[in-house]
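Input: a single structure, listed below in structure tokens.
A short reminder: the numbers here are calculations on the coordinates, not readings from a lab. Quantities reported herein were computed from a predicted structural model and do not represent experimental measurements. For neighbour counting, all protein chains shown are included, and Cβ atoms are generated from backbone atoms with ideal geometry for every residue, glycine included.
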Amino acid sequence: MINTKNNVCGRDKYLGNEYNNTARFISYSFGYQLISSLIDSGKILEVGGGNKVLSNMFKQDGFDVVTADLDPSNSPDIVSDVRDLSKHFSSNSFDVIYLFQVLEHIPIDDLSETLKSLSALTNKYVVVSLPKISPYFQLIFHAPFMQRFFKKEYLDLSFHLKMNKNYTLDPGHYWEIGSVGVDEAIVRKHMNSHFKSVRELSPQLNKLHSFFILEK
């Protein structure tokens, strides 16, 4: 979904290998596991799900899932811009609201009010993922004893490289973490204004997607 009222992507965006690559499915898996660790039942709002990979998984797990998207061709339950969701739902309607790769499609000046609205609609959590401009070097170790001794599947040795300021944003993105004038501190400031707790994580095998668990 391109979440600007005059710039909508059709379903063709979600077809083919270029979009449905390994890194994206790593993020799908990571997001799925995050939300599953927060609640084991309840009502979920998916915003901008596009191809509905995650919403279908949660429905199969027995969750009550509502989908919202700006693009009617994606057949959402509710056609709405993320900034207008409060027109469709009452306060505390959902246990979890998730928006993966969505908020960068609205101007950064709209971010704070949008987060405020989302905080009102959830009774507990909002989970967000955002693109991060940060080339990185990564070395991954995996061995049979990793889980036993380190409590993790991979040992990740990675570091980020300094970003070239001439970076061109993806089409439809107003900003990304690390783009000119939008660093991580600014994004976290907006989040902290409307949620009591903000926790950041990223998939070990896809450092270009930053996930935030926002607790009301």
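See the values below:
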{"item": "Residue among M146, M191, M57 with the largest mean-square fluctuation in a Gaussian network model of the chain, springs linking Cα atoms under 10 Å", "result": "M146"}
{"item": "Centroid-to-centroid separation of the range 166-208 and the range 34-70 [C-alpha atoms, Å]", "result": "22"}
{"item": "Prolate/oblate/rounded call for the range 83-200, Cα gyration tensor, a/c under 1.5 rounded", "result": "oblate"}
{"item": "Extension gain (nm, one decimal) between K189 and N123, 0.36 nm per residue minus Cα-Cα", "result": "21.7 nm"}
{"item": "Restraint check, K43/K151; K87/K207; K132/K196, Cα-Cα greater than 29 Å", "result": "K43/K151; K87/K207"}
{"item": "Residue among H88, H142, H173 with the largest mean-square fluctuation in a Gaussian network model of the chain, springs linking Cα atoms under 10 Å", "result": "H142"}
{"item": "Normalised contact order of the chain, rounded percent, pairs of Cα under 8 Å and 6 or more residues apart", "result": "20"}
{"item": "Of all DSSP beta bridges in the range 56-177, antiparallel share, percent nearest 5", "result": "40"}
{"item": "Spin-label model distance (nm) - Q138 vs K216, 7 Å beyond Cα toward Cβ", "result": "3.3"}
{"item": "The range 62-139, relative contact order [Cα under 8 Å, separation at least 6], %", "result": "30"}
{"item": "Fewest-first sequence of Y125, Y28, Y98, Y167 by Cβ atoms within 10 Å of each Cβ", "result": "Y167, Y28, Y125, Y98"}
{"item": "Beta bridges by DSSP in the chain, antiparallel share as percent, to the nearest 5", "result": "55"}
{"item": "Mean separation of Cα contacts under 8 Å (6+ apart) over length of the range 30-98, as relative contact order %", "result": "36"}
